[in-house]
Structures are given as C-alpha cells and as structure tokens.
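Read the structure below first, then the notes.
The values are calculated or read from the model by the stated rules, or taken from the named source; none is laboratory data. Quick caveat, the model's predicted, so the values are computed rather than measured. Because the Cβ atoms are built from the backbone with ideal geometry, glycine has one as well, and the counts that use them run over all protein chains shown. To get the accessible areas, we keep the full protein, side chains included, count just its heavy atoms, and leave off ligands, DNA and RNA. Shrake-Rupley method; radii C 1.70, N 1.55, O 1.52, S 1.80 Å.
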Amino acid sequence: MKIRDFTRRGGRQKNIPNCVPNVTESPVLRNIIVFCLLIAALSFAGCISADLADDSQKYPGISYEGSPEYEESLYDFKFRDNIASLNIPVDSNLYNTAKNTDKSAYLTDEESSTNEWSKEYYKSFINDPDLEETYGSVISGLQGIKTGMNLDDDGYAELITAFVQSIPYKTDNENPDPKFPVETVYEKSGDCDDKSILLAGLLQKEGYDVVLFEFIDEEHMGVGILSPGCGYAGTDYAYIEATDINLIGWPDITLDGDIKITEKPFVIPVAGGDKGYGKCKEVMAIYEKYQNSGNKIDELEPEISRLKRETESLHAEILTMDSEMEGLETSGKVKRYNDLVPEYNSLVKDYQALNSEYKDILNEYNGYVEIHNMIIDNQHDRQGLYEYLF
C-alpha cells in the first residue's frame, strides 16, 4: 500500500487514509490546497486568491444543472436467508458531473494544521443537495425490501449495511479521490472511504445517528452507528466495516492480508436522527462463540495430530503382523503363529481404543469447525446466526 500526499500550495503535506481490504495497494487521495495569507496572496507564485476561502468554496460540491438521463444499476446481495435485489435508476449526467467535480479542500494554513477540517470535507461528500435523488432511489428499493420482510429498525440497519458491503471493493488508481455516493452506486464499486460515505449517507437519511471512523495512520475508514453499551474505541457507536461482509459491531476488524486495525480513530460526526442499533449484545454473543470455537480448534489440533499419528502407526504394525501370521499359517508353523496371537490381539485392542478416542476428539473438533465456519460464512445474517447458535 502506498501513502499518497495532498497537493499543496504554500502549506504542509498531510497523509490521508487509504483502504486495504481487498487489494494489496489501495490509494485514497484527498487534495488539500492551502491558501496563502491575504497579505502574501499576491507575492507568492501559485497562491490562490483568499476571497475564495468562504464556506461554500472550501469543500467539494457538485453544482448539477444538467438534464437527467437515467441508467439502471442492478444489485443482488445476500441478506439473512434471502437474495435481495435492487434496481436503482441513476442519472448518468449527474454521475458525470460528480465524477468531474473538483474534490480539493481549499484551506488556510491555520485550518490545515489539524485534522478538524476533514470533518467538513467528508460531510460535503455525504450531504451535497444534488444527491437527494440518488439517495431517494436507493432508499425506495431498500424500503420495499424492508416492508416485504417486515424488518424493524435493527433489521433495516442491517439491510442497508449488507447492501453497501456487497458492493465490490475497487480502487480507482486514475481517480483516487473520494467518490460522491452517486458515483459509487453508478459504478457499482468503491474503496473504503467511498463505501463508508455511501453507507453513512443512507443510514443518516433513514434517521440513524452515525459517524465516520477515520484511521489516519492505518489509512482506513469505517462507519459507526449509535449503539450504547457496544461502542467502539470508547465511543457510543458500534463499528461497521463497509468494505467486506461483517456484522454490525463485529469487534474483529481484520482486513485483507490479516491486517488488523488497532489505531484509535478520528471521529467525524455525520449526524442524522436518534435511531440506533440495538442488537449489539447478540452480535457480541455470536462473537464469543466465534472466539471460543476458534480457541477450541487451536487447542484440539495438536491432540488430533498426535492421535492420528499413533493410530496410523498401530494400524501399520497390525497389518505387518497380520501378513506375517498369514505366512506362518500357510507354511504350517503353528507354534510361532500361536505365540503371536496374544500380541496381535493386544495390538488390535489398543488400536480400537485409540481409534475410538481419535474419532471422539475429531467429532468434537468438527463440531467447532462447523460453528466457526457457519459464523464466518453468514455475516450477512445476524438473526439466523443467533437462532442457530442459541
């Protein structure tokens, strides 16, 4: 993974979060153009006029004035024990306008000296008024599924999350800036900040209290949803990994390549309503089963390997003796044959006892493997997992 720098004019460079989940290199770039002080605005080459530094000009905005032309984006994704389908009409002219929008942040030296500016920067991608139709199209389809499945607020948050998580992970190396949600929906792909921006926007629009988690040094981004009692990193928000299929509040944040997120995040409030997520205790109970089964698998593997070796060794010894005794019987060497019978029977008895122990432990091991794999393979189905396990 490479760290990309902000473009700068008279200001210091800053590194921004990249995503790591499904590719070895995943650059995400936020351009920051630092304004020169007003007194120096005319005396330094490359400085931008300070009269541009009002709030409406600092951060990206789409400013769409075209005539809509719609194309359909089709999605199929796993949710609970179903395959959910969405057919989302997207204005291709709005998409092109958003894609070509200047995504730089125009800041003074003072504003760029801390990371506080990134709060407004990312919110500008979420809250642009030209996105209302895109949000409405996505939400209309999601609400249809919600009604058909009779989902409560927790189930609906899980549905929205499953939809965004199902969008393929992809980094646009030619355009590494964050995407507006209309771009992610239209292109049916995105990296960590693209998918997090879309997920946070959809949850916010549906009345959930959400934040963005920015991991600056570890170059990653996730989403938080209000869930007191199951908060992430000392917050009141449960963590959501937008780049891969994970339960809301799943504590084990492991990205592709077994990269674990350990950094305390910079929290970017997105706002929204007062809805939260109330199933985090069930998620934690599932996670406890996941951890326990994994620990048991690790604990039993050496014992299984030992019993397997000893069982195979005894079996080979029995086969050798069996062949020898058949030869003695054929050649009429009765005394030698009879002398070996007790030893042979003792070996068979030991083998049967050892093999029985091996099978018992192997069955126990396979039971834990089944539970572990069930949890891994059904991260789109909190309800089904909880019912299966408990």
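Beta bridges assigned by DSSP with both partners in the chain are antiparallel in approximately 80 percent of cases.
Restricting the calculation to alpha carbons of region 114-243 gives Rg and Dmax of 14.3, 47 angstrom. Our summary gives region 246-390 a relative contact order of 38 percent, counting only alpha carbon pairs under 8 angstrom and 6 or more residues apart. Dividing the mean sequence gap of close Cα pairs (under 8 Å, 6+ apart) by how many residues the chain holds gives a relative contact order of 15 percent. Local charge for residue 206 was computed over the other residues whose Cβ lies under 14 Å away, with Lys and Arg +1 and Asp and Glu -1, and equals -4. Considering only protein heavy atoms and a 1.4 Å probe, what is the carbon-and-sulfur percentage of the accessible area of the chain? Taking all protein chains in place, the chain shows 47 percent carbon and sulfur surface.
Here residue 308 is the anchor, and the lysines within straight C-alpha reach of less than 21 Å, apart from those fewer than 8 places off in the same chain, are 296, 349, 359.
With both labels modelled 7 Å from their Cα along Cα-to-Cβ, the residue 357 to residue 75 distance reads 5.4 nm. Using only the alpha-carbon atoms, how far is helix 117-126 inclined from the longest principal axis of the chain? Give it as 0 to 90 degrees, nearest 10. That helix lies at roughly 80 degrees to the long axis.
Taking R0 as 51 Å, what FRET efficiency do you get between residue 317 and residue 295 from their Cβ-Cβ distance, rounded to the nearest 0.05? FRET efficiency, residue 317 to residue 295: 0.90.
Applying the Karplus relation 6.51 cos²θ - 1.76 cosθ + 1.60 with θ = phi - 60° to region 148-159 yields 3J(HN,Hα) values of x, 9, 6, 7, 8, 4, 5, x, 5, 4, 5, 5 Hz, where x marks Gly and Pro. For the chain, a Gaussian network of Cα nodes joined below 10 Å ranks 80, 336, 306 by mean-square fluctuation, and the top entry is 336.
If you take all other residues with their beta carbon under 12 Å from the beta carbon of residue 387, and give Lys and Arg +1 and Asp and Glu -1, the sum is -1. Using the alpha carbons alone, the radius of gyration of region 301-390 stands to its Kirkwood radius in an Rg to Rh ratio of 1.33. Here, region 188-234 yields an orientationally averaged convex hull projection of 3.9 nm² when only Cα atoms define the hull. Each 20 Å bin, from zero up to the one with the longest distance, holds this percent of the alpha carbon pairs of the chain: 24, 42, 18, 11, 4, 1.
Axis angle, to the nearest 10 degrees, between helix 334-377 and the longest C-alpha principal axis of the chain: 20 degrees.
Based on alpha-carbon positions alone, could you give the equivalent ellipsoid semi-axes of region 96-150 from the gyration tensor, as √(5λ), descending, whole Å?
34, 15, 6
For residue 238, the shell of other residues with beta-carbons less than 15 Å away shows a net charge of -4, using +1 for Lys and Arg and -1 for Asp and Glu. Among 113, 323, 104, the largest mean-square fluctuation in a Gaussian network model of the chain, built with springs joining Cα atoms closer than 10 Å, belongs to 323.
The relative contact order of region 180-256 comes to 21 percent, based on Cα pairs under 8 Å that sit 6 or more residues apart. Heavy atoms of the protein chains alone define the surface here; on that basis the chain has 48 Å² accessible area per residue at 1.4 Å probe size. Amide H contacts of residue 227: 237, 238, 277, each under 5 Å away and 5 or more positions distant or on a separate chain (H built 1.01 Å from N in the peptide plane; Pro and chain starts excluded).
Normalised by 2.2 N^0.38 Å, where N counts its residues, the alpha-carbon radius of gyration of region 224-368 equals 1.96.
Averaged over all directions, how much area does the convex hull of the C-alpha atoms of region 148-202 cover when projected, in nm²?
Convex hull of Cα atoms, orientation-averaged projection: 4.0 nm².
Relative intensity of region 259-330 on a log10 scale, I(q)/I(0) at q = 0.14, 0.16, 0.20, 0.25 Å⁻¹, equals -0.80, -0.89, -1.02, -1.10, per a Debye sum over C-alpha point scatterers of equal strength in the absence of solvent. Considering the chain as a Gaussian network with a 10 Å cut-off on Cα pairs, which listed residue, 315, 220, 372, attains the greatest mean-square fluctuation? It is 315.
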